[in-house]
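Only one structure is covered here, and it is reproduced in the block below.
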Amino acid sequence: MALTRQQMAVRAARELKDGFCVNLGIGIPTLVANYIPPEVTVTLQSENGLLGMGPFPRASEVDADLINAGKETVTFVPGAATFSSADSFAMIRGGHIDLAILGAMQVSERGDLANWMIPGKRAKGMGGAMDLVSGVRRVIVLMEHNTPDRAAKLLRECTLPLTGAGVVHRVITDLCVLDVTPLGFEVIELADGVTRKEIEERTGASVRFTDVAA
Amino acid sequence: MGLDKLQPDARAALDGIIQDGMLLAIGGFGLCGIPEALILALRDTGARNLTIASNNAGVDGWGLGLLLESHQVKKMISSYVGENIEFERQFLAGELEVEFCPQGTLAERMRAGGAGIPGFYTRTGIGTLVAEGKEQKEFGGIVYLLERGIQADVALVKAWKADLHGNLIYRRTARNFNPDAATCGKLTVAEAEMIVEPGELDPDEIHTPGIYVHRLVHNPNPEKRIEKMTTREG
């Protein structure tokens with residue numbers, strides 16, 4: 001059985017280690033904040049200039065001056081800090097953020113990431129994604145294994161314009177968890193009921209399986 | 001007096017300083033922390049063929065979206081423009097030029113430009129379309145990209161509090177690009193919700209020292225439109 005979006009977020013939340021500073025992208029990655037294990041304390045960074053982002057506000061607490069990078073109204077947690085965009089990306093570019101979890105259109109077996117542009121169709125801009133993937137210490141992609149029309153998103157080579165080259169460390173999909181290794185994709189976990197054959201059929205690159213995968 | 005930078009209104013603040021073809025740096029992230037009154041006044045100058053460095057391009061009918069509708073913008077330098085339908089239409093129709101610039105690179109280009117640094121090296125964009133035509137250099141076995149600082153003819157920013165010397169304090173995430181844009185303008189105009197006498201702001205709490213700010217406008221009641229209202233129960 002493929003994982004639901006919530007189950008994918010739960011799995012991704014297990015990547016958060018106590019004390020981490022983490023940047024969560026828009027979409028499924030945003031949901032990860034709802035499933036942080038109680039024994040783990042992480043600080044959420046939002047690249048528009050906030051360290052220590054809290055949950056959405058109650059209706060009475062909404063403040064137009066306090067938003068996240070998705071332009072949604074948010075709150076502070078105690079000990080939060082705000083800063084300029086240049087300072088925000090200095091901490092990103094400077095390697096001070098431990099982990100970024102973000103969505104993708106395509107990931108290659110070398111860890112190339114494409115998530116910002118479809119030539120001739122969609123060109124809204126890369127936002128902070130290029131800075132994040134090249135600056136944050138560890139980059140995890142959280143996405144559906146295939147496109148809605150069942151095309152592969154994990155590929156030998158990305159066909160879409162890149163966001164970063166050789167930047168992805170791990171991919172969590174609705175079917176499995178894969179690491180990007182010098183030998184290509186290595187599946188380290190399979191979702192319940194998902195077979196190796198299914199992964200091979202639905203992946204556009206060769207995959208290896210570790211012993212832990214059924 | 002020499003250090004009193006307060007103008008009667010936004011229109012007066014832009015009087016005589018905006019010309020066709022200028023490069024402007026404008027603060028704000030989405031609609032958060034945009035200089036609302038100054039953007040309206042910029043539209044009313046009627047200046048055309050403007051190049052605007054700003055993280056976003058507003059939305060239809062508000063913020064920088066107003067300048068797109070009046071066809072005053074020749075080129076945007078932005079990281080993300082996805083909230084604006086008129087933008088997309090003009091861009092796809094070839095009426096508007098866009099330089100997509102990664103968000104952190106854009107902020108640093110403003111900061112560098114204001115700090116007298118003509119260019120800097122960054123890993124951001126290596127191996128992507130952003131790297132095309134730009135010089136690359138290796139440091140310690142890693143390849144970096146040369147990006148240029150931005151020096152704008154005019155910068156427009158939004159602060160929460162200001163004193164008459166132009167010292168600025170921003171509020172929450174409405175700070176964003178404003179301090180960076182403020183430094184890179186040859187002439188910087190700031191709009192503030194509160195304006196006080198010199199001495200009333202704690203010098204330790206100033207975000208942008210007044211040396212960067214040349215003109216000041218009081219806008220006590222900005223609309224502060226919210227793009228995505230998200231709340232929880234309780």
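The values are calculated or read from the model by the stated rules, or taken from the named source; none is laboratory data. The structure presented is a predicted model; accordingly, all values stated were derived computationally and were not measured. As a convention, Cβ positions derive from the backbone with ideal geometry for all residues, glycine included, and neighbour counts pool all protein chains shown. Note: areas computed on protein heavy atoms with side chains; ligands, DNA, RNA excluded. Shrake-Rupley method; radii C 1.70, N 1.55, O 1.52, S 1.80 Å.
Below, the figures for the structure above:
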| item | result |
| --- | --- |
| Total formal charge among the other residues, if their Cβ is under 13 angstrom from that of B:N49, Lys/Arg +1 and Asp/Glu -1 | -1 |
| Dipole in debye (nearest 20) - region A:96-214, about Cα centre, beta carbon charges: Lys, Arg +1; Asp, Glu -1 | 400 debye |
| Lysines with Cα under 21 Å of A:K153, excluding same-chain neighbours fewer than 8 positions away | A:K121, A:K124, A:K197 |
| Exposure rank, largest accessible area first [B:V196, B:V154; 1.4 Å] | B:V196, B:V154 |
| Spacing of the two label points (7 Å from each Cα toward its C-beta) at B:R89 and B:E200, in nm | 4.4 nm |
| Alpha-carbon centroid distance for the pair region B:1-47 / region B:49-102, whole angstrom | 17 Å |
| From phi via Karplus (6.51, -1.76, 1.60), per-residue ³J(HN,Hα) for region A:2-11 in Hz, x at Gly/Pro | 5, 6, 6, 4, 5, 5, 5, 5, 4, 4 |
| Max mean-square fluctuation residue, GNM over chain B, Cα-Cα springs under 10 Å, options B:N221, B:N56, B:N178 | B:N221 |
| Under 12 Å, Cβ to Cβ, from B:I85 - net charge with Lys/Arg +1 and Asp/Glu -1 | -3 |
| Gaussian network model of chain B, springs between alpha carbon atoms under 10 Å - residue of B:E95, B:E132, B:E86 with greatest fluctuation | B:E132 |
| Chain A, relative contact order in percent, only Cα pairs under 8 angstrom and at least six apart counted | 19 percent |
| Bridge type composition, the protein assembly as shown - antiparallel percent by DSSP, nearest 5 | 40 percent |
| Pairwise FRET efficiency - B:Y121 versus A:Q6, Cβ, R0 = 35 Å, nearest 0.05 | 0.25 |
| Volume in Å³ per residue [convex hull over Cα atoms, computed for the protein assembly as shown] | 154 Å³ |
| Derived scalar couplings ³J(HN,Hα) [region B:4-16; Karplus, 6.51 cos²θ - 1.76 cosθ + 1.60; whole Hz; x for Gly, Pro] | 7, 9, 5, 9, x, 7, 5, 4, 5, 5, 9, 4, x |
| Per-residue HN-Hα couplings for region B:18-34 [Karplus 6.51, -1.76, 1.60; θ = phi - 60°; Hz; x = Gly/Pro] | 9, 10, 3, x, 6, 9, 10, 9, 10, x, x, 10, x, 9, 7, x, 8 |
| Placed amide H near A:I26: partners under 5 Å, 5+ positions off or other chain | A:G103 |
| Most fluctuating residue given options B:V213, B:V73, B:V130, as computed from a GNM of chain B linking Cα atoms under 10 Å | B:V130 |
| For the protein assembly as shown, with +1 on Lys and Arg beta carbons and -1 on Asp and Glu, the positive-most of B:F91, A:G111, B:A192 along the dipole | A:G111 |
| Förster radius 25 Å - calculated FRET efficiency between A:S206 and A:T159, Cβ distance, rounded to 0.05 | 0.90 |
| Partner aspartates and glutamates for B:K134 [C-alpha distance under 15 Å; skip if fewer than 8 residues away on the same chain] | B:E99, B:E147 |
| Sorted largest first, extent of chain A alpha carbons per principal axis (Å) | 51, 40, 30 |
| Over the protein assembly as shown: helical MRE at 222 nm, DSSP H runs n ≥ 4 each giving -39500 (n - 2.57), nearest 500 | -4500 deg cm²/dmol |
| Neighbour net charge for B:A162 - beta-carbon separation under 13 angstrom, K R +1, D E -1 | -2 |
| Rounded to 5, percent antiparallel among DSSP beta bridges of region B:1-149 | 50 percent |
| Stokes-Einstein D (µm²/s) once Rh is taken as the Kirkwood radius of chain B over alpha-carbon pairs, at 4 °C in 1.567 mPa s | 71 µm²/s |
| For B:K186, solvent-accessible area (1.4 Å; no DNA, RNA or ligand), Å² | 130 Å² |
| Using a Förster distance of 51 Å, the FRET efficiency for B:E223-B:E135 (Cβ separation, nearest 0.05) | 0.75 |
